[in-house]
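Chemist: Here it is, the structure, as structure tokens.
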Amino acid sequence: MARRPLVVGNWKMNGTRTSSQKLLADILAGLPDGCATDIGVCPPAIFIPEASAAVTGKLIRLGAQNVADQDQGAFTGEISASMLREFGCSLAIVGHSERRAIYGETDALVAARYAKAIAHGVTPILCVGETLEEREANATFAVIDRQLGAVLDLCGVESLQDAVIAYEPVWAIGTGRTASKEQAQEVHAYIRAQIAARNADVAAKVQILYGGSVKPDNAAELFGQPDVDGGLIGGASLDAQSFLAICLAA
Ligand code: PGA
């Protein structure tokens, strides 16, 4: 089954108000008509309102870099899925390895964030992936099972009809060290097989993105793998021409 490719830029905590406006304007200006790839950008949250105005009526989806595990109330520093919806966000990254490693987000918290995104019609991009130590200890699949399992246990496999998965090996993020196309395909196929064991139809349809040092010169071979449906792009998404080249590769 043909899955539509998706490429999402994760700007992380980079840029200024002015540079973010310019980056988005340059991406919008460079998008080819009738682009067959779905494209999204996830700016820092404070830039979302302006970005929302800029993308209105355009073929680019807006996303957040995280979403609250609660609906509202005394949760200082959090932004709810309904607030994101109000500003036109249709995507939200959950469980990025930086959130897991630096801010201590657990599988249970990530699953709760995912659940709130689903409940409010925001498509979660669930990030999973192993560290270098875990890969070297042959624990890659066990880590994927644990991270994916937390979400499937809480929300059920059918929730993946409204979600996207991103396989991001932690050792490849921001390091310039990309997974080989064979390494990426192996884990993507594994993820899809785990989903297929629960629901073959959902597995055939769910988009599984690759993330970790995707650049214009390696995007095509990664995206050419049968189970790689696009990418979640960090560093290279901060340059409009690089990001557009990656979108075209998909
Ligand atoms: P990178 O980041 O492309 O800079 O490696 C990817 C990500 O963290 O999503």
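The values are calculated or read from the model by the stated rules, or taken from the named source; none is laboratory data. Just so you know, these numbers come straight off a predicted model, no measurement behind them. In this analysis, Cβ positions are derived from the backbone assuming ideal geometry, glycine residues included, and neighbour counts consider all displayed protein chains. Remember, those area values only see protein heavy atoms, side chains included, never the ligands or the DNA or RNA. Shrake-Rupley method; radii C 1.70, N 1.55, O 1.52, S 1.80 Å.
Chemist: Those residues that are under 15 Å from the mean Cα position of the chain (by Cα) and of a type outside the set (S, T, N, Q), I need them from region 5-15; list them, please.
Modeler: Listed by number, the residues that qualify are Pro5, Leu6, Val7, Val8, Gly9, Trp11, Lys12.
Chemist: May I ask you to list the residues in region 231-246 that are away from the ligand (no atom under 12 Å from the Cβ) and either at pLDDT below 95 or within 14 Å of the chain's Cα centre (by Cα) (or both)?
Modeler: none
Each row is one residue, and each column tells you yes or no for (1) within 13 Å of the ligand (Cβ to nearest atom); (2) more than 19 Å from Glu78 (Cβ to Cβ); (3) not hydrophobic (A, V, I, L, M, F, W, C).
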position	(1), (2), (3)
Arg100	yes, no, yes
Arg113	no, no, yes
His120	no, no, yes
Gly129	yes, yes, yes
Glu133	no, yes, yes
Glu158	no, yes, yes
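Chemist: Here is a further query. Taking region 129-146, which residues are open to solvent by less than 10 Å² (accessible area, probe 1.4 Å) and more than 14 Å from Trp171 (Cβ to Cβ)?
Modeler: Scanning region 129-146 gives a single hit, Ile144.
Chemist: Continuing with the same structure: Provide a single number: the residues in region 226-250 that are in a helix (DSSP H, G or I), out of contact with any Phe, Trp or Tyr (no Cβ under 8 Å at 6 or more places or on another chain) and without any contact (Cβ under 8 Å) to a residue 60 or more places away in the chain.
Modeler: 2
Chemist: A further question follows. Go over the candidates Ala45, Ala36, Ala74 one by one and state the one that is more than 16 Å from the chain's Cα centre (by Cα) and either modelled with pLDDT of 95 or more or within 16 Å of the ligand (Cβ to nearest atom) (or both).
Modeler: From the options Ala45, Ala36, Ala74, the qualifying one is Ala74.
Chemist: Are any of the residues in region 71-81 over 22 Å from Trp11 (Cα atoms) and among the acidic types (Asp, Glu)?
Modeler: yes
Chemist: Here's something else I'd like to know. Restricting region 16-33 to residues that are free of Cβ contacts under 8 Å to residues at least 40 places away in the same chain and not in a helix (DSSP H, G or I), which is farthest from the chain's Cα centre (by Cα)?
Modeler: The selected residue is Asp33.
Chemist: Of Ala189, Ala203, Ala163, which residue is more than 16 Å from the ligand (Cβ to nearest atom), open to solvent by less than 40 Å² (accessible area, probe 1.4 Å), within 25 Å of Leu28 (Cα to Cα) and not aromatic (Phe, Trp, Tyr)?
Modeler: Ala163
Chemist: If I ask for residues that are away from the ligand (no atom under 16 Å from the Cβ) and open to solvent by less than 40 Å² (accessible area, probe 1.4 Å), which ones from region 166-186 would you list?
Modeler: Result: Gln185, single match.
Chemist: For the subset of region 206-225 comprising residues that are within 11 Å of the ligand (Cβ to nearest atom) and part of a helix (DSSP H, G or I), which member is most open to solvent (accessible area, probe 1.4 Å)?
Modeler: Only one residue fits best here, namely Asn218.
Chemist: Of everything in region 93-108, what is outside any loop (DSSP other than H, G, I, E, B) and in contact with a Leu (Cβ under 6 Å, 6 or more places away or on another chain)? Give them in sequence order.
Modeler: Answer for region 93-108, where residues must be outside any loop (DSSP other than H, G, I, E, B) and in contact with a Leu (Cβ under 6 Å, 6 or more places away or on another chain): just Val94.
Quick grid of which residues meet (1) closer than 29 Å to Ala196 by Cβ; (2) open to solvent by less than 70 Å² (accessible area, probe 1.4 Å); (3) in contact (Cβ under 8 Å) with a residue 12 or more places away in the chain:
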{"site": "Ala2", "(1), (2), (3)": "yes, no, no"}
{"site": "Asn14", "(1), (2), (3)": "no, yes, yes"}
{"site": "Cys42", "(1), (2), (3)": "yes, yes, yes"}
{"site": "Ile48", "(1), (2), (3)": "no, yes, yes"}
{"site": "Arg61", "(1), (2), (3)": "yes, no, yes"}
{"site": "Ala64", "(1), (2), (3)": "no, yes, yes"}
